[in-house]
Amino acid sequence: MGREPEMEEARENGGVGGSVLPLASLISPTGNEPYMVQWSMNNLIKTQRKVYFSQVQISELEGKIIGLYFAANWYPKCEVFTPALTAAYHQLKEHGAGFEVIFVSCDENRLSFERFHRAMPWPAVPFGDIGCKKRLSERFQVEGIPRLVVLAPNGEVVQPDAVELVHRYGDRAFPFTSARVAELEADEQRKFASQTLEKIFSVNGKDYVNGSQEQVPISSLVGKTVGLYFSAHRCAPCIKFTAKLAAIYSNLKGKAEDFEIIYIPMDKEEDGYLRSCSDMPWLALPYDDGASSGALARYFDVREIPTLVVVGPDGKTVTREGRNLVNLYFDMAFPFTDEQIRLLQEMEDEDAKGYPPSLRHTGHRHELSIVSDKSGGGPYICCECDEQGLGWAYQCIACGYEIHLRCGRDMEGRAE
């Protein structure tokens, strides 16, 4: 295979244009166990004739911590993580931290690679350098993406995968060492231990949220169970869940329960925020271009939307799995405590005794057998009603078809 023209020109000029890193080969270390040695940066990033990095000589990377970012344009989790890494990267650059990222693409074609890389402020291994990408993946045993391998200046692996750390702590995770992680976790535990509703919302410098017609003081919500609803306009899963949550909210309000929901906007524009608010019967965090919402999302480690974080009357976090609990138990999940969920699970166990051990379902050709979380059951999406399920189900052992017990029907009608 011929070498790309731009790489040939780069070798002649001692550098390359743009932000592409020609990483042609890994130098095989000496010894009988090549993968047991530590790699230096000069051994890791090298071309046939000289070592260089975009328009930056490799010598300028001396003393820096390097993040090898394995990702692909086609994978949603990579699309979610890349902005988080970009934000941390910019913050570290502004503070003069010795940190650089190198993108190692797992994209299926050059167009996808270029489209994805265009949004990144760091260099990349050339898409055509398949051998180099393969060697890097094998060297660091990359089996899933996104993956961020952090290397010390001497090439030693500091973190085999720092994706979780960047999601949770952003630029504060730097330099990604075990000592730094322990420090951040201890600080996080202290914050959660002293958490109050007022402290949660101190991030935006305001002591109120928006109601339909007026500002509502945060202090008036103290002592209530409060759901923090992270969502956005034009998000299909959000639209579906918002309708369900609104019905449950109305039911709980009708029962005079001390429950409130606050919309935490993940909208990129204020117009989307306003449209979302018009569809929701609850309170909303004032819009500020995402600064406050982003801070709250990082604090509660929100990775996807919709997410419902529930805060108890004492201001402490009850659960970050409110969405799942609402899908499973509807308004019976209130107040979302471990005790309430255990009670509901015990009720399900008792109810399951009244169902037949197997049945024929009109929507499937095989016989379905009853299972629980102790006998092969687990999280699933019901093939009958398309709603979430957990534990008890009628399951086809042959092909994985699963339905809720309540959706189970034999040839004569609903299972009892």
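I'd like to know if the range 135-155 contains one or more residues that are among the hydrophobic types (A, V, I, L, M, F, W, C), part of a strand (DSSP E or B), under 30 Å from Pro281 (Cα atoms) and open to solvent by less than 20 Å² (accessible area, probe 1.4 Å).
no
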**Complete:** Among the residues of the range 156-170, the number that are open to solvent by 50 Å² or more (accessible area, probe 1.4 Å) and in a strand (DSSP E or B) is 1
**Item:** Qualifying residues in the range 95-121 (those that are in contact with a Ser or Thr (Cβ under 9 Å, 6 or more places away or on another chain) and within 24 Å of Ala291 (Cα to Cα)) - the one surrounded by the most Cβ atoms within 10 Å (Cβ to Cβ)
**Value:** Met120
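Condition check ((1) modelled with pLDDT under 90; (2) open to solvent by 50 Å² or more (accessible area, probe 1.4 Å); (3) in a loop (DSSP other than H, G, I, E, B)) across all residues:
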{"residue": "Leu184", "(1), (2), (3)": "no, no, no"}
{"residue": "Lys191", "(1), (2), (3)": "yes, yes, no"}
{"residue": "Cys238", "(1), (2), (3)": "no, no, no"}
{"residue": "Ile248", "(1), (2), (3)": "no, no, no"}
{"residue": "Lys253", "(1), (2), (3)": "no, yes, no"}
{"residue": "Glu257", "(1), (2), (3)": "yes, yes, yes"}
**Fill in**
Counting only residues that are crowded, with 19+ Cβ neighbours inside 10 Å, small (Gly, Ala, Ser) and touching a Pro at 6+ places or on another chain (Cβ under 6 Å), the range 63-93 contains a total of 1
**Prompt:** Looking at Val157, Val181, which is the one that is under 29 Å from Asp107 (Cβ atoms) and either of a type in the set (Val, Ile, Thr) or in the same structural domain as Asp301 (by the TED database) (or both)?
**Reply:** Val157
**Message:** Being in a helix (DSSP H, G or I), in contact with a Leu (Cβ under 6 Å, 6 or more places away or on another chain) and open to solvent by 10 Å² or more (accessible area, probe 1.4 Å) is the requirement here; does Asp271 meet it?
**Reply:** no
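Can you confirm whether Ser212 is of a type outside the set (Asp, Glu) and open to solvent by less than 10 Å² (accessible area, probe 1.4 Å)? First the steps, then the outcome.
On the way: of a type outside the set (Asp, Glu): yes; open to solvent by less than 10 Å² (accessible area, probe 1.4 Å): no.
Here the answer is no, as Ser212 does not meet what is asked.
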**Asked** Does the range 222-230 contain any residue that is hydrophobic (A, V, I, L, M, F, W, C), open to solvent by 50 Å² or more (accessible area, probe 1.4 Å) and in contact (Cβ under 8 Å) with a residue 40 or more places away in the chain?
**Response** yes
**Message:** Going by what's in this entry, would Ser219 be described as in the same structural domain as Val318 (by the TED database), open to solvent by 50 Å² or more (accessible area, probe 1.4 Å) and outside any loop (DSSP other than H, G, I, E, B)?
**Reply:** yes
**Message:** When the residues of the range 278-301 are narrowed to those that are in contact with a His (Cβ under 9 Å, 6 or more places away or on another chain) and in contact (Cβ under 8 Å) with a residue 60 or more places away in the chain, which ends up surrounded by the fewest Cβ atoms within 10 Å (Cβ to Cβ)?
**Reply:** Asp301
**Request:** Would you point out which residue out of Leu136, Leu151, Leu85, Leu92 is under 30 Å from Ala291 (Cα atoms), hydrophobic (A, V, I, L, M, F, W, C) and touching a Leu at 6+ places or on another chain (Cβ under 9 Å)?
**Result:** Leu85
**Request:** Determine if the range 200-209 includes at least one residue that is assigned to a loop (DSSP other than H, G, I, E, B), assigned by the TED database to the domain that holds Val104, open to solvent by 50 Å² or more (accessible area, probe 1.4 Å) and not aliphatic (A, V, I, L, M).
**Result:** no
**Asked** Would a scan of the range 319-341 turn up a residue that is among the β-branched types (Val, Ile, Thr), within 21 Å of Ile248 (Cα to Cα) and open to solvent by less than 10 Å² (accessible area, probe 1.4 Å)?
**Response** yes
**Asked** Do any residues in the range 126-144 that are closer than 20 Å to Tyr75 by Cβ and touching a residue at least 12 places away in the same chain (Cβ under 8 Å) have Cβ atoms under 6 Å from those of residues that are crowded, with 18+ Cβ neighbours inside 10 Å and of a type in the set (S, T, N, Q), where the two are at least six apart or on different chains, and which pairs are they?
**Response** Phe127/Ser105
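Each row is one residue, and each column tells you yes or no for (1) in contact with a Phe, Trp or Tyr (Cβ under 8 Å, 6 or more places away or on another chain); (2) closer than 30 Å to Ala186 by Cβ.
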site: Pro265; (1), (2): yes, no
site: Asp289; (1), (2): no, no
site: Val309; (1), (2): yes, yes
site: Tyr329; (1), (2): no, no
site: Pro335; (1), (2): yes, yes
**Request:** Mind listing whichever residues of the range 68-100 are in a loop (DSSP other than H, G, I, E, B) and closer than 26 Å to Leu111 by Cβ?
**Result:** Ala72, Asn73, Trp74, Tyr75
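The values are calculated or read from the model by the stated rules, or taken from the named source; none is laboratory data. Treat the numbers as computed from the prediction; the structure is a model and nothing was measured. Please note: Cβ atoms are built from the backbone with ideal geometry, for glycine as well, and neighbour counts cover all protein chains shown. Accessible surface is based on the protein model in full, side chains and every heavy atom, while ligands, DNA and RNA are left aside. Shrake-Rupley method; radii C 1.70, N 1.55, O 1.52, S 1.80 Å.
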